[in-house]
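Enquirer: Quick one: the structure is below, and I'll ask about it shortly.
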Amino acid sequence: MKNLLVFLVLTSCFSLNAQNSVTSVEKYPVFPECAEVPISALETCFTTTFQNYIYTNFQVPEIVITEKYSGSMTLFFEVDKSGTFKLLYADAIYNELKEEAQRVFETMPQIIPATYNGNPTYVQFTLPLAIPLKAPGTSVLVAAETEASESEKVDTLKNEYDAIEKFPYENEEYSSAINIPLSHHNYSLFDPAMNRVGINNHTAQKPYVYSEVNKYYNFETENQKLLKNKSSWFGRKFWNEHMVQLKTKDFWFTLDPGVDLQVGKDTDADIDTYNNTRLVYTQGGIGKQINFFAVVYESQGRFADYYNRITESLRPSGGNPGIIPGRGIAKRFRDDSYDYPVATGHVSYTPSKWFNVQLGHGKLFFGDGYRSLLLSDNASPYPFFKLNTTVWKLKYTNTWMSLRDVRREVTEDGAFRTKFVASHYLSYNITKRLNIGLFESVIWENSNDRGFDFNYVNPVIFYRAIEFSTSSRAGNALIGLSAKYKFTDRVNAYTQVVIDEFSSGDIFGGEKSWKNKYGYQLGAKYYDAFGLKGLYLQAEYNRIRPYTYSHNTITLNYGHNNQSLAHTLGANVSEFTSIARYQKGRWFGDLKVIVAKRGLEFEPPAEGIPYYGGNIYGDEDIRPFDTGVEVGQGNTTDFFHTEIQGGYVLNPATNLKVYASLIYRDFKPMENTATNFENTTTWVNFGIRTDLFNWYHDF
């Protein structure tokens, strides 16, 4: 079957090679059929002969016919000095159309080239192809510009709805600028591909977007390995695909229901545990530059005894019983459970390959480790605006966030206290093995109706200077350093240092001043460990001095919703973590062991009770001493946590998993208090989960 294709020459441009010319003579390329026509008629003869050749030889691809495509493609080609046709560029929605155009041009005969002042030259043409088109000799522009009757216009508009075309969904998310949901296990699958020696990417700024990872780890290819041979609608949707998939010419989206259903038991406290989360999430794209992602959770749950106590220790002002760590404020459900709705999402705009802009409500993470001392996904979701700039060997991330202090003592007129955070993270690949990162962040509150301080909008300013100019007590600035070194494609090491307050005299004075507020991290990763493909090993040590992340203005701590923005355990802690992850096909398993020494407070902050620097929400002005400050001071607590999990991926497209887990936790403070006392926990859990975020149980 042949469609009638017509080409209209819109523009042509000639290379002017003549020198010392008095008069100019331009002559079109000459087909053999045009050899005898006058020069004045060569253009018409060339166009007509070319149209007839294309009409005779171009065969519309079967997929275009089957899908009843109606649209256009554009070709840019030349006839060179030897009279040879060359297709320079083709723009079409189907690759098959481009391939057919290339085939036809390769069969074009060699003709007499165009001339300028008698010398052979090349001539270029831009040609639109409309499919379906008019017969040869009909001008596309004339047809388009011919005024239609009013009734014809009405008929055309009445067909507008039916003219909207639907195309097969082709995993557009993998080439999009949508954030990959933060999940330590899922990130470990492509972490080896992202850390090969010699590649020029940046792995500290998370979450990644699909398009930056897909360059190194082909999601579609990897997921194809997991697909089951299912032909029924239910089989495909349950095992392989998104529930709803829609794609048109300029728009695509997916829609999925999801769950996080857990049942278990805290055998030591004799508590039956559960979590009942129903969720729906969608993602999509508008054109090539705008993407979006949104998920809404509705949840009820009851957890192990220690987790319930932590939840209630985070309770906000206003009567709600607690805050589910990492999720949000919870209200009472029945007599012993919690109800906690959560919503997250973002809009991502990519104006060019160098920039990505995001506006969202969610979490961010800076670092290559399991923990982050700079910014982690430990706290509840928050509103953020993020600008990523990637150029040369650099990636520069600017973030602005709106946070809440929900404690009773800082609540004003029944409303939570608002504070803001602005941060910069500059990642630089010094060599093909070595990367360093520079971090700075500042927190300020909405005091004196200050609101969002536009002093911190400047993306390249040094925050310390701004903090000083606006009063050092009006803001809390942190700085940080990070580094990563790739020994081989399979082994790398990483580190972080955070400095909350720097006093060189106190650091080198040897008196262990309370002003030495800093922390550091050392870690290493081993991919395909011991030659076993898919085995991922990680070891990490974190040490954070007392009073780090706190501030003498109590609302300017580095926290949100009564949770730390950085390390899960706050400050005044030394911790060693070892992790093993493995996945083969759809089966996976994780093992995590944490040993830590923590310096807790003897009681919740209250008048006259010293603050030892573990709780980042404490008041530095009531510290017990100025020197001799040690990690683990206060209510010294030995902490041991081990967690093992195994499961099966039901649907790789939606990341739906079924799993079982076992947690053993041993908590031994030096002195028992109402909130911190010696206890052990054995928590067995079974569940089915759409894995879109990290659940942290290692408090």
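Any read-out appearing in this document is the output of simple, stated calculations on the displayed coordinates, not a laboratory observation. Just so it is clear, the model here is predicted, and its values are computed rather than measured. Note: ideal-geometry Cβ built from the backbone for every residue, glycine included; neighbour counts use all protein chains shown.
Enquirer: Between LEU532 and THR84, what is 0.36 nm times their sequence separation minus the Cα-Cα distance? Round to one decimal in nm.
Expert: Working: separation 448, 0.36 × 448 = 161.28 nm, distance 5.57 nm.
Full extension from LEU532 to THR84 adds 155.7 nm.
Enquirer: Which value, in nm² and rounded to one decimal, describes the direction-averaged projected area of the C-alpha convex hull of segment 204-286? Provide the component values of the computation, followed by the final result.
Expert: Working: hull surface 38.6 nm².
If I average the Cα hull's projected area over directions, I get 9.6 nm².
Enquirer: Report, by chain and number, residues whose modeled amide H sits under 5 Å from the one on ILE112, excluding near sequence neighbours (fewer than 5 apart, same chain).
Expert: Correct list: VAL30.
Enquirer: Next question. For segment 320-431, what size does the Cα cloud have along each of its three principal axes, sorted from largest down, in whole Å?
Expert: 57, 31, 25
Enquirer: Give the average over all directions of the projected area of the C-alpha convex hull of segment 572-699, one decimal, in nm².
Expert: Working: hull surface 37.8 nm².
Its average projected convex-hull area is 9.4 nm².
Enquirer: Another question, then. At R0 = 60 Å, how high is the FRET efficiency between ASN95 and TYR428 if r is their beta carbon distance? Nearest 0.05 is fine. List each step's numbers first, then the result.
Expert: Working: r = 38 Å, r/R0 = 0.63.
Approximately 0.95, to the nearest 0.05.
Enquirer: I would also like to ask the following. Can you give me the distance in nm between label points at LYS230 and PHE602, each placed 7 Å from the Cα along the Cα-to-Cβ direction?
Expert: 6.0 nm
Enquirer: Here's a follow-up. If each residue of separation counts as 0.36 nm, what is the full-extension length gain between ASP335 and GLU412 once their alpha-carbon separation is subtracted? All intermediate terms of the calculation are to be shown ahead of the outcome.
Expert: Details: separation 77, 0.36 × 77 = 27.72 nm, distance 2.95 nm.
The ASP335-GLU412 span can extend by a further 24.8 nm.
Enquirer: Taking the Cα of MET243, stepping 7 Å toward and past its beta carbon, and measuring to each backbone N in segment 679-699: which are under 18 Å?
Expert: Within reach of a label on MET243: 688-693.
Enquirer: Once Rh is set to the Kirkwood radius over Cα pairs, what Stokes-Einstein translational diffusion coefficient, in µm²/s, holds for the chain at a temperature of 4 °C and a viscosity of 1.567 mPa s? List each step's numbers first, then the result.
Expert: On the way: Rh = 29.5 Å.
It diffuses with D of about 44 µm²/s by this estimate.
Enquirer: Now for a separate question. Over the Cα atoms of segment 43-138, what radius of gyration and what Dmax do you get, in Å?
Expert: Cα only, segment 43-138: 14.3, 49 Å (Rg, Dmax).
Enquirer: With θ set to phi - 60° and the Karplus curve 6.51 cos²θ - 1.76 cosθ + 1.60, what are the ³J(HN,Hα) couplings of segment 201-206 in order, to the nearest whole Hz, using x for Gly and Pro?
Expert: 10, 9, 10, 7, 8, 10
Enquirer: I've got another one for you. Which FRET efficiency value, to the nearest 0.05, do you get for ARG490 and TYR217 by plugging their Cβ-Cβ distance into 1/(1 + (r/R0)^6) with R0 = 25 Å? Numbers along the way, then the final one.
Expert: Values: r = 15 Å, r/R0 = 0.61.
Result of the calculation: an efficiency of 0.95.
Enquirer: Same structure again: Describe numerically, in nm with one decimal, the distance between label points set 7 Å from Cα along Cα→Cβ at ASN679 and at LEU662.
Expert: Modelled inter-label distance: 2.2 nm.
Enquirer: Then there's this: Could I have the simple spin-label model distance between GLU671 and PHE640, label points 7 Å from Cα toward Cβ, reported in nm to one decimal?
Expert: 2.5 nm
Enquirer: Taking a virtual spin label 7 Å from the Cα of ALA294 along the C-beta vector, which residues in segment 384-408 bring their backbone nitrogen under 15 Å of it?
Expert: Backbone N within reach: none found.
Enquirer: Fully extended, how many nm does the chain gain between GLN124 and ILE65 (0.36 nm per residue separation, minus their Cα-Cα distance)?
Expert: Numbers: separation 59, 0.36 × 59 = 21.24 nm, distance 2.99 nm.
Difference between extended and current length: 18.2 nm.
Enquirer: Follow-up question, since we're still on this one. Amide H of ASP489: which non-local residues (sequence gap of 5 or more, or other chain) have their own amide H closer than 5 Å, using H built in the peptide plane?
Expert: Here VAL197 satisfy the definition.
Enquirer: Now for a separate question. Can you show me the helix-derived [θ] at 222 nm for the chain, built from DSSP H runs with n ≥ 4 at -39,500 (n - 2.57) apiece and divided by the number of residues, rounded to the nearest 500. Each step should come with its number before you reach the end.
Expert: Details: 12 runs with 99 residues, N = 699.
Per the formula, -4000 deg cm²/dmol.
Enquirer: Let me ask another. Apply 1/(1 + (r/R0)^6) to the Cβ-Cβ distance of THR156 and ASN52, taking R0 = 22 Å, and write down the FRET efficiency to the nearest 0.05.
Expert: The value I calculate is 0.15.
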